[in-house]
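The values are calculated or read from the model by the stated rules, or taken from the named source; none is laboratory data. Just so it is clear, the model here is predicted, and its values are computed rather than measured. Here the Cβ is made from the backbone with ideal geometry for all residues, glycine too, and neighbour counts use every protein chain on show. We work out accessible area using only protein heavy atoms, side chains counted, and drop any ligands, DNA or RNA first. Shrake-Rupley method; radii C 1.70, N 1.55, O 1.52, S 1.80 Å.
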Amino acid sequence: VTREYLTEVYCREHRIPMEILQTRRCKVREIDERDLERLYEIYAVPQITQYMEPLFANRQDELDYIRSYIDTIYPLYGFGMWVIVEKASNRVIGRAGFEVKDDYPDGIELGFIIAEEYQRQGFAYEVCSTILQFAREKLDYEFAYSEVIPENIASIRLCEKLGFTFRGEK
């Protein structure tokens, strides 16, 4: 029994979001119910949901989804979509993490979103490059994929910078 395991058991039992990793400017941790309002602020900007699914229109539905996600996805896989917290302000500035998809039997899908006011400052690269390293070293995933809509040029550029290669359109 390791200290890491005991910490996880304690956090799961007491519904405390686990910190996954840190970068120079950010902490990446599991989502918490208290993040709900900040996520609605981030997702309220139309350009944020232009290329991805919005949150549920009904806040209670989103809260139920978050609770279910915390109770099932994190314990089952040991990863998921996490929140990004800027250290300087202790404010949630986005989300990043992995999902398991049937389309990728040998890897996981990287997803990310950064609040509009934090874009073009290198946060996405800083966090995504670190969580990709985490996937290789801690999760034993050699491959990660990312689906990006062709019009989403900023995300395409980020994926290229992260070392992703284009595989074609679905």
Can you give the charge dipole size of the chain about its Cα centre, rounded to the nearest 20 debye, using +1 on the beta carbon of Lys and Arg and -1 on the beta carbon of Asp and Glu?
680 debye
Taking only the alpha-carbon atoms of the chain, the convex hull volume per residue, in cubic angstrom, is 133 Å³
Stokes-Einstein diffusion coefficient for the range 95-140 at 37 °C in a medium of 0.692 mPa s, Rh from the Kirkwood formula over Cα pairs: what value in µm²/s?
284 µm²/s
Which percent, to the nearest 5, of DSSP beta bridges fully inside the range 92-170 are antiparallel?
65 percent
Heavy-atom surface of the range 14-170, accessible at 1.4 Å and reported per residue (Å²):
58 Å²
Tail beyond 17 Å, pair distance distribution of the range 29-72 (Cα, percent):
32 percent
With only Lys, Arg, Asp and Glu charged, each at its Cβ (+1 for the first two, -1 for the last two), find how big the charge dipole of the range 105-170 is about the Cα centre; round to the nearest 20 debye.
140 debye
Peptide ranges 43-50, 22-29, 154-161 listed from the most packed, as the mean C-beta count within 10 angstrom indicates
22-29, 154-161, 43-50
Counting only pairs 8 or more residues apart or on different chains, how many lysine pairs in the chain have their Cα atoms under 24 Å apart?
10
May I ask you to give the percent of accessible area on the range 68-142 that is carbon plus sulfur, with a probe radius of 1.4 Å?
44 percent
